[in-house]
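A.B. asks: Just dropping this structure here.
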Amino acid sequence: MTSAARRVRWLAMAGVLLASVGCGDPGGAVAASPTGSTSVTPTATPEPATCDEPESATIELVASSVLFNVTCLVVPAGVPLDVTLRNEDGVNHNFSIYTLEFASAFTGEISFGGETFHYQVPALDPGEYIFQCDIHPADMEGPLIVR
């Protein structure tokens, strides 16, 4: 994937991430110029991602109707993760983790419809990440918060 394609994909994912955690409004004003173009003037810093999920090093994911059963994950820092992905769809899925800069932190093998996969994810540093299915990133993704 080219650098430009990664940047476009990351920007799209960042927008989805912000929208999925209620941070889609940049808190700024939009002003139109006489030529019809617009500009955004930020008035507030976006809040960090939050979610109400309990912190756990054991994650049970179900892929069904090209969606994960959860939209946000909270995991402990410095502890390996045990992730189970049960694929109830007739299409392929996987589980991957990326930094907000779209650097890969973990890429899981692809599961076929009807399969259950167990992933051992190395311990992550505290911070915010994105988890997703690499095959369906627009529909199967969300914030992963490491505390």
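The values are calculated or read from the model by the stated rules, or taken from the named source; none is laboratory data. Predicted model only: the values in this text are computed from it and were never measured. Because the Cβ atoms are built from the backbone with ideal geometry, glycine has one as well, and the counts that use them run over all protein chains shown.
A.B. asks: How many residues, within region 85-118, are under 17 Å from the mean Cα position of the chain (by Cα), in contact (Cβ under 8 Å) with a residue 12 or more places away in the chain and in a strand (DSSP E or B)?
C.D. replies: Here the count works out to 9.
A.B. asks: Select from region 119-147 the residues that are of a type in the set (Asp, Glu) and either in a loop (DSSP other than H, G, I, E, B) or at pLDDT below 95 (or both) and list them in ascending order.
C.D. replies: Our first condition is that a residue be of a type in the set (Asp, Glu); within region 119-147, this holds for 125, 128, 134, 139, 141.
Residues satisfying the conditions are Asp125, Asp134, Asp139.
A.B. asks: Can you name every residue in region 116-146 that is surrounded by fewer than 16 Cβ atoms within 10 Å (Cβ to Cβ) and either touching an Asp or Glu at 6+ places or on another chain (Cβ under 6 Å) or closer than 13 Å to Ala105 by Cα (or both)?
C.D. replies: Gln120, Pro122, Ala123, Asp125, Pro126, Gly127, Glu128
A.B. asks: Looking at Val75, is it over 18 Å from Val121 (Cα atoms), at pLDDT 95 or above and touching a strand residue (DSSP E or B) at 6+ places or on another chain (Cβ under 9 Å)? Break it down into steps so the answer makes sense when it comes.
C.D. replies: Values: over 18 Å from Val121 (Cα atoms): no; at pLDDT 95 or above: yes; touching a strand residue (DSSP E or B) at 6+ places or on another chain (Cβ under 9 Å): yes.
Judged against the criteria, Val75 is not a match.
A.B. asks: Give the number of residues within region 58-80 that are more than 12 Å from Leu144 (Cα to Cα) and either aliphatic (A, V, I, L, M) or surrounded by 15 or more Cβ atoms within 10 Å (Cβ to Cβ) (or both).
C.D. replies: 7
A.B. asks: Then there is this: Need the failing condition index for Ser104 against (1) at pLDDT 95 or above; (2) surrounded by 14 or more Cβ atoms within 10 Å (Cβ to Cβ), just the number.
C.D. replies: All conditions are met except number (2).
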